[in-house]
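Structure first, commentary second.
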Amino acid sequence: GESVGLHLPTLSVQEGDNSIINCAYSNSASDYFIWYKQESGKGPQFIIDIRSNMDKRQGQRVTVLLNKTVKHLSLQIAATQPGDSAVYFCAETLNTGFQKLVFGTGTRLLVSP
Amino acid sequence: DTAVSQTPKYLVTQMGNDKSIKCEQNLGHDTMYWYKQDSKKFLKIMFSYNNKELIINETVPNRFSPKSPDKAHLNLHINSLELGDSAVYFCASSQEGQLAGSNYGYTFGSGTRLTVV
């Protein structure tokens, strides 16, 4: 399943499917990007990051893609599990000085067994 | 041992009251933040302190006054609470020069849900 994360949309997938969550960022000068997962009643938790000199980075079951030309980020989750159900946010920042994170709108991921 | 802890977790209060939310971090970070998350889940920075000095103030009303007694604490005091202040407030901390995504690089508390009635 795939979503465009501009107005807190919901992406519903079946367990085992691959999920793609998209994000449009705002500042072309941003040089560092992070994906966060927020479960109900908790604060955002770091998933994966990428610097602007890269276009792809892989973690465990997650991959982040960066397209600076169109200011677009995506988070791919392989073999989605019910425990992946949460709200996902992208955040951008200038990797210099004090790190003010600018968050995207977020996407709710619902994984059904 | 919680890295960034906020108290209280829930706060229900009447319009016009003054309230405070406390935040403490035990990560040894030198920078702390307050973020506000509204009912649509939108997260926005409010303030940032580095070594007790205010470095970011994002056009937040004067009714909001952060106070940092030391670099491990950043409290948020809100005067004359309004209905629109209802939100979840998150404290966070980071270390200058350290990537936000590094281990314990940028850590959020679990939030304080403020409800103004």
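The values are calculated or read from the model by the stated rules, or taken from the named source; none is laboratory data. If you're wondering where the values come from, they're calculated on a predicted model, not measured in any experiment. In this analysis, Cβ positions are derived from the backbone assuming ideal geometry, glycine residues included, and neighbour counts consider all displayed protein chains. Accessible surface areas use protein heavy atoms only, side chains included; no ligands, DNA or RNA. Shrake-Rupley method; radii C 1.70, N 1.55, O 1.52, S 1.80 Å.
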Those residues of the stretch A:67-85 that are within 27 Å of residue A:40 (Cα to Cα), open to solvent by 10 Å² or more (accessible area, probe 1.4 Å) and either within 14 Å of chain B (Cβ to nearest Cβ) or among the charged types (D, E, K, R) (or both) come to a total of 1
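If you scan the stretch A:11-46, which residues turn out to be among the aliphatic types (A, V, I, L, M) and buried (at least 20 other Cβ atoms within 10 Å of the Cβ)?
We begin by selecting, within the stretch A:11-46, every residue among the aliphatic types (A, V, I, L, M); these are A:11, A:13, A:20-21, A:24, A:29, A:34.
Passing the criteria: A:11, A:13, A:21, A:34.
Pick out, from the stretch B:33-79, the strands (runs of 3 or more DSSP E) lying fully within it that include 1 or more residues that are surrounded by fewer than 18 Cβ atoms within 10 Å (Cβ to Cβ), among the aromatic types (Phe, Trp, Tyr) and at pLDDT 90 or above.
Values: elements: B:43-50, B:53-57, B:64-70, B:73-78.
Correct list: B:64-70.
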Could you list, in sequence order, the residues of the stretch B:14-30 that are assigned to a loop (DSSP other than H, G, I, E, B) and either within 14 Å of residue B:78 (Cβ to Cβ) or out of contact with any Phe, Trp or Tyr (no Cβ under 6 Å at 6 or more places or on another chain) (or both)?
B:14, B:15, B:16, B:17, B:18, B:26, B:28, B:29, B:30
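Criterion first (closer than 19 Å to residue A:102 by Cα, of a type in the set (S, T, N, Q) and in contact with a His (Cβ under 8 Å, 6 or more places away or on another chain)) does residue B:94 satisfy it? Steps first, answer last, please.
Numbers: closer than 19 Å to residue A:102 by Cα: yes; of a type in the set (S, T, N, Q): yes; in contact with a His (Cβ under 8 Å, 6 or more places away or on another chain): yes.
Against the criterion (closer than 19 Å to residue A:102 by Cα, of a type in the set (S, T, N, Q) and in contact with a His (Cβ under 8 Å, 6 or more places away or on another chain)), residue B:94 qualifies.
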Collect the residues in the stretch A:47-64 that are open to solvent by 80 Å² or more (accessible area, probe 1.4 Å), modelled with pLDDT of 95 or more and assigned to a strand (DSSP E or B), keeping them in residue-number order.
A:56, A:57, A:58
